[in-house]
Every structure is written in structure tokens, then in C-alpha cells.
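The block underneath contains the structure these notes are about, expressed in C-alpha cells.
Nothing in this text is a laboratory measurement; each read-out follows from the coordinates by a stated rule. None of the values given here were measured: they were computed from a predicted structure. Every residue, glycine as well, gets a Cβ built from its backbone with ideal geometry; the counts of neighbours run over all protein chains shown.
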Amino acid sequence: MREHYLYMVQARMHHWRDSQNRQFIGMRLWRNALQYFVFRRGVMSLGSYQVGGFVKTDPNATRPDVQLMMAPYSMDSGAAGYAFEPFPGMQLFSYPLRPRSKGHVRIESADHRVPAQVAANYLADPYDQQMSVNAFRLMRNVLAAKPLASLLVGETRPGPAVQSNDEILDLYRREGQSGYHACGTCKMGSDALAVLDSRLRVRGVEGLRVMDLSVTPTMISGNTNGPMMAMAWRAGGLILEDAR
Ligand SMILES: Cc1cc2nc3c(=O)[nH]c(=O)nc-3n(C[C@H](O)[C@H](O)[C@H](O)COP(=O)(O)OP(=O)(O)OC[C@H]3O[C@@H](n4cnc5c(N)ncnc54)[C@H](O)[C@@H]3O)c2cc1C
């Protein structure tokens, strides 16, 4: 199993006009929800992260190694439930695109009611550790760059106490989060660990195929939903071909 692993940085902003936080609080929330349901317009019709980038953080890299996403709102991590911060804020996150740490999903029992054991094993590989530090410093550089810097009061999460590589990694270990892109536990291919053949058929089992993100032999270097839909389309074609 591979997974994108990220940390969410947040900053306080000077002006309400630059942040969407209050659009999701109180009467504005009701108005925006109504606007979306009736007209399909307004802040509720926007994607949750409106700015993204693929960046080379290693100067020797031949292609981008980190994905960056930014949003004009910030979450209140101290709140009991799911809440936006009661002042103007923004957030950004980034993750290494091709992590090397491997986790697993393991069947614990022949009884299907016993949950499988999931171990993500984040940051086990030194490459992922270095790239996570790079990704974090990239976010700091973005916040410090003009013209964004002039809109900010300052970083609120994690804040200036986190500086060294060890502090950054400690932060990731304590407060990092999944990118919701877990994949690879039932991979297709021809090597000994491949559960599926190249037509998505489970080796050694007649009449059974798998088609979901678990079939990818390695991590997709970006968001997974689009590639997943393309693969599902292709899988439909393979099934029809074999049926003929
Ligand atoms: C919170 C969140 C945010 C995300 N944001 C993005 C994003 O912004 N961009 C992006 O590209 N990707 C995003 N992803 C990742 C993306 O959604 C997944 O990579 C993608 O949906 C994986 O597709 P899949 O077919 O493997 O699994 P799924 O989309 O999870 O499909 C599995 C399906 O199987 C069904 N199912 C499960 N068990 C059974 C059963 N026993 N019988 C019948 N049906 C069953 C489920 O109901 C589900 O419909 C996000 C994921 C999450 C969780």
C-alpha cells in the first residue's frame, strides 16, 4: 500500500475580502447553501482547493516531485466539531508525489466480519522524509512570497516554533494526514507480488477481476480520481473483449 501523506499549513489574513471563512458561518452559510441548491452558483459551487501546482523541490529532478494545493479558508482545529476559523484565514497542503514508504492491508481472519488490519507506514523511507521536509519548506516559501505575503498577518499552524528538519518531521508524524489516495494493495503486473494479471484477472481464481485504486502497481503522481475513472473505462473494455 502506498499513500500520499500531507500536512496542512494555515495562515491568518488581514481582510475578510481575501478569505471565505465567514461565507461558511451563520446566516451567510444558509444563504450560500440556498444559492447553490437553487441556482448552482456561489462559493458552494467552487472546488475546495482552487489553486494547485506541481513543483520540483529537488533542483536535480527531471519532473515535479511535490504537489501543492491552496484554499482561501482555514479550519478551526480547536473546535469540538467541524468549524471554520472565526477570522480571515487560508490553508495550503503539499505532499511528495511518488512516496516510497510501503504499508499494507492484511486479512486477519477467515471470518469476513473481522476488520482487515491497515498499516500505512508513513515516512518509513528516508526519501519520503526528505521530500516531506522539502514540501513543508515549499509552503513556507509560498507564504513568504509577494504578493501573498502582504495579505497575511502570519502563519498560525504550525507557527514559527517549527524550524529544523527534525521539528518538521516530528510535526508530520504527530499531525500529518492521509491524502485519501491509498492504492496498490492488489496490484496488476507480472512479478511475484502482482495479485492480478495485466487484464485485471485475479491469478489462480477463475472468473474474478478487481478494478479499483488497489490495482495500481505504484502511486499515481497526482490526484487519483481521474486516473481511476480512466482505468475503470479501460477495464470495461477488457471485460467486453474477453466476453466476446
Ligand atoms: C475525502 C476524500 C477526498 C478526496 N478528494 C479527491 C480529489 O479532490 N481529487 C481526486 O482526484 N481524488 C480525491 N479523492 C480520491 C478518490 O476519491 C479515490 O482515489 C477514488 O474514488 C478511488 O476510486 P475507487 O474506485 O478505487 O474506490 P471508490 O470510489 O471508493 O469506489 C468504491 C465503491 O465500492 C462501493 N462498495 C464498497 N463495498 C461494497 C460492497 N461490499 N458491495 C458493493 N459495493 C461496495 C462503495 O460504495 C463505492 O461506491 C478523495 C478521496 C476522499 C476519501
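What is region 64-201's relative contact order, in percent, from Cα pairs under 8 angstrom and six or more apart in sequence? Please list the in-between numbers first.
Working: 139 pairs, mean separation 21.9, N = 138.
16 percent.
Averaging sequence separations of C-alpha pairs under 8 Å and six or more residues apart, then dividing by the length of region 183-244, give the relative contact order as a whole percent.
Relative CO of region 183-244 lands at 29 percent.
I need the trypsin sites (Lys or Arg not before Pro) found in region 84-125, filtered to DSSP loop residues with at most 11 other beta carbons within 10 Å of theirs. Before the final figure, lay out each step's value.
Details: sites: 100, 102, 106, 113; in loops: 100, 102, 113.
Loop-located and lightly packed - 113.
Over the chain, calculate the relative contact order: mean separation of alpha carbon pairs under 8 Å at least 6 apart, over the residue count, as a percent. Let's see the in-between values first.
Values: 419 pairs, mean separation 57.6, N = 244.
Worked out over the chain, it gives 24 percent.
Just 114, 51, 105 to compare: in a GNM of the chain, with alpha carbon springs under 10 Å, which one fluctuates most?
Looking only at 114, 51, 105, the biggest GNM fluctuation is shown by 114.
Using helices alone, I'd like the mean residue ellipticity at 222 nm for the chain: each DSSP H run of four-plus residues gives -39500 (n - 2.57), total over residue count, nearest 500. Could you put the intermediate results ahead of the total?
On the way: 5 runs with 67 residues, N = 244.
Calculated from helices alone, the mean residue ellipticity at 222 nm is -9000 deg cm²/dmol.
Whole Å is fine, so just give me how far the alpha carbon centre of region 219-244 lies from that of region 12-53.
With region 219-244 and region 12-53 each reduced to a Cα centre, they are spaced 34 Å.
What order do you get for 159-167, 134-142, 9-17 when each peptide is scored by the mean count of other beta carbon atoms within 10 Å, highest first? Each step should come with its number before you reach the end.
On the way: 159-167: 10.9, 134-142: 19.2, 9-17: 16.6.
The peptides rank, most packed first, as 134-142, 9-17, 159-167.
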